[in-house]
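A short write-up of the structure that comes next.
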Amino acid sequence: MRSRNEKIVKSPAEWRRQNQVKKIRIVMTAVVVMLLLSVAAGAALAWYQIRSAAEENRRQLLQNRQPVSSLAQGLPVYDDSFNLVLAGPNRPLPDGYRPQIESYGGVSVDGRILPALRKMMGDAESAGCPLTPAAGYVDAEKQEALFRAEAEKLMRDQKLSQVVAESRAQSAVGKGNRCDAQTGLSVVFSAGGKDFGSTPQYRWLTRNCVSYGFIQRYPPEKSAKTGMEGDAARFRYVGEDNAVKMRELSMCLEEYVSYLGVRETG
């Protein structure tokens with residue numbers, strides 16, 4: 001046995017093995033560091049690409065709009081207590097709400113949206129996409145009659161129970177005071193019997209409507225939020241600032257009103 005003070009003398013082969021182990025450890029450490037750097041660089045690149053894509057989408061949206069300075073010139077600006085009044089299956093029209101009804105293009109609307117509506121329709125015609133209003137304001141009594149007629153038709157033709165028929169009628173037609181038609185702020189456009197969603201008029205509106213303060217009221221992909229079936233032809237006035245923001249956030253009116261409420265109380 002060696003004493004404690006006796007030095008251990010390593011052979012040249014042992015020194016070589018020890019040096020090789022050190023070199024392997026150094027190489028492995030370098031490889032790990034390089035892998036970590038590569039992952040970090042990839043994550044940074046992905047974040048940059050996502051951010052760039054989002055900015056490009058926003059830029060394209062803004063480019064698709066006609067210049068706000070020319071469109072908004074002379075158009076009145078209203079308070080959001082008017083712009084964002086909401087009526088839907090789960091939210092009746094506020095008590096005491098009284099639209100200022102006027103006739104235009106064969107339909108009735110709240111007169112306060114007429115300057116924006118006229119300008120939007122005039123510019124659409126100039127662009128070769130003339131818009132024809134087909135429906136506007138409907139009073140609560142007539143809306144309720146439409147709702148009842150639709151429910152009875154579903155019970156008769158499809159043998160549905162009253163509960164199911166009324167639920168479907170609500171999402172298709174809407175009950176009195178629980179439908180956007182009672183606000184006087186929306187207009188349904190027609191295209192000579194064609195599916196409006198497949199027309200140049202629809203494409204023009206979806207690109208430009210926000211510049212006049214209008215949005216598509218019932219996007220089909222938002223039916224779970226609005227409680228109503230998708231409707232390509234109904235466009236609703238909310239004011240230009242709100243319309244632009246809703247497009248940027250990809251929100252329907254119900255989502256946007258809720259979003260503002262959360263922000264105000266948060």
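The values are calculated or read from the model by the stated rules, or taken from the named source; none is laboratory data. It should be emphasised that the depicted structure is a prediction, and the values quoted were computed from it without experimental measurement. Virtual Cβ from ideal backbone geometry, glycine too; neighbours counted across all protein chains shown.
Miscellaneous remarks
- Unique residue being in the same structural domain as CYS252 (by TED's automatic domain parsing), at pLDDT below 85 and assigned to a helix (DSSP H, G or I) when the list is SER52, SER70: SER70
- The number of residues in region 186-215 that are closer than 16 Å to GLY136 by Cβ, of a type outside the set (Phe, Trp, Tyr) and at pLDDT below 95 comes to 1.
- VAL238 among the β-branched types (Val, Ile, Thr), at pLDDT 95 or above, over 16 Å from ARG91 (Cβ atoms) and surrounded by 19 or more Cβ atoms within 10 Å (Cβ to Cβ): no
Conditions (1) closer than 25 Å to GLY96 by Cβ; (2) among the aromatic types (Phe, Trp, Tyr); (3) surrounded by fewer than 19 Cβ atoms within 10 Å (Cβ to Cβ); (4) under 14 Å from the mean Cα position of the chain (by Cα), marked per residue:
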| position | (1), (2), (3), (4) |
| --- | --- |
| THR183 | yes, no, no, no |
| ARG203 | no, no, yes, no |
| SER211 | no, no, no, no |
| GLN216 | no, no, no, yes |
| ALA224 | no, no, yes, yes |
| LYS245 | no, no, yes, yes |
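- Only strands (runs of 3 or more DSSP E) whose full extent lies in region 140-258 are considered here, and the ones with at least 1 residues that are under 30 Å from LYS119 (Cα atoms) and charged (D, E, K, R) are 214-218, 231-237.
- Check on ARG98, at pLDDT below 95 and either farther than 27 Å from GLY213 by Cα or small (Gly, Ala, Ser) (or both): no
- Selection count, region 118-135, where residues are out of contact with any Phe, Trp or Tyr (no Cβ under 8 Å at 6 or more places or on another chain) and either part of a loop (DSSP other than H, G, I, E, B) or of a type in the set (A, V, I, L, M, F, W, C) (or both): 4
- GLY136 of a type outside the set (D, E, K, R), under 25 Å from the mean Cα position of the chain (by Cα) and at pLDDT 95 or above: yes
- Figure legend. Inter-residue proximity from region 92-114: first residues free of Cβ contacts under 8 Å to residues at least 12 places away in the same chain and assigned by TED's automatic domain parsing to the domain that holds ASP79, second residues among the aliphatic types (A, V, I, L, M) and assigned to a loop (DSSP other than H, G, I, E, B), beta-carbon distance below 7 Å, spacing 6+ or different chains. Indicated pairs: PRO94/VAL85.
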